[in-house]
1. Spot the failing condition for residue 146; the list is (1) in the same structural domain as residue 172 (by TED's automatic domain parsing); (2) at pLDDT 95 or above; (3) closer than 28 Å to residue 165 by Cα, and only one is missed.
2. Return yes or no: is residue 207 outside any helix (DSSP H, G or I) and at pLDDT 95 or above?
3. Go through the range 106-115 and give me each residue that's crowded, with 23+ Cβ neighbours inside 10 Å and assigned to a helix (DSSP H, G or I).
4. Consider only pairs whose beta carbons are under 7 Å apart and that are at least six residues apart or on different chains; among these, list those whose first residue lies in the range 162-173 and is in contact (Cβ under 8 Å) with a residue 40 or more places away in the chain and assigned by TED's automatic domain parsing to the domain that holds residue 141 and whose second residue is buried (at least 20 other Cβ atoms within 10 Å of the Cβ) and part of a helix (DSSP H, G or I).
5. For the range 130-150, how many residues are within 19 Å of residue 198 (Cβ to Cβ) and either under 19 Å from the mean Cα position of the chain (by Cα) or not in a helix (DSSP H, G or I) (or both)?
6. Please determine, by comparing only the residues of the range 149-163 that are loosely packed, with under 14 Cβ neighbours inside 10 Å and at negative phi, which one is modelled with the lowest pLDDT.
7. Hey, among the residues in the range 166-188 that are under 19 Å from the mean Cα position of the chain (by Cα) and assigned to a helix (DSSP H, G or I), which one's farthest from residue 6 (Cα to Cα)?
8. Looking at the range 128-143 only, could you name the residues that are out of contact with any strand residue (DSSP E or B) (no Cβ under 7 Å at 6 or more places or on another chain) and either under 28 Å from residue 9 (Cβ atoms) or at pLDDT below 90 (or both)?
């Protein structure tokens, strides 16, 4: 199994989650922070970013990986496009979170620290609600400056900004979705007025279940 990361601090997080859920799998990772940097600079996932992501997927497959997981939600739609043509199972990390959110609430808040993640996450939730036949309302909120603080080595400031935005958004909705895996750390401690969902655990739960079923079918 190979993870493709765009934020270095997430490597140990997903290595642990994978080891807990799929203990007999070999775990590898590819880190390319320039993918996310390019999307932020351009304001969208440009063709060269999709091509570089495809190159990483090809490299993982060539090295014998039997499953590939992209942990950057900003790249989710590019992952879907590649997955449709990939012989190796290729997953975006946020689908499990989206399905859980839509099944649990009808008014859902979407919290993000990057506009380039807020938009694809909103589209994922909307399409998931339509597919599941759920009449959901979505309320989005962008946490300005939080990601820049994280990248500048100020995680405490990042966490505080996310916590403040969560408190404001939770007053309007039944449940809050944290659009980026890097945001999960901000709400891990303390009491919260509304339930919230993050992609790492829920994404890995879903992916591990699918991979176990696939292996059982193959056997």
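The values are calculated or read from the model by the stated rules, or taken from the named source; none is laboratory data. On a predicted model such as this, the values are computed, not experimentally measured, just so you know. Here the Cβ is made from the backbone with ideal geometry for all residues, glycine too, and neighbour counts use every protein chain on show.
1. Result: residue 146 fails condition (2) only.
2. Working: outside any helix (DSSP H, G or I): no; at pLDDT 95 or above: yes.
Here the answer is no, as residue 207 does not meet what is asked.
3. Within the range 106-115, none qualify.
4. Pairs found: 162/146; 162/183; 162/186.
5. Residues meeting the conditions: 10.
6. In the first step, residues of the range 149-163 are kept if they are loosely packed, with under 14 Cβ neighbours inside 10 Å; the result is 152-153, 156.
Add one more test, that the residue is at negative phi, and what stays is 152, 156.
Numbers: 152: 89, 156: 92.
It comes out as 152.
7. Going residue by residue through the range 166-188, those that are under 19 Å from the mean Cα position of the chain (by Cα) are 166, 175-188.
Remaining after also requiring assigned to a helix (DSSP H, G or I): 166, 181-187.
Numbers: 166: 24, 181: 11, 182: 10, 183: 14, 184: 15, 185: 17, 186: 19, 187: 21 Å.
For the range 166-188, the residue satisfying everything is 166.
8. Correct list: 128 only.
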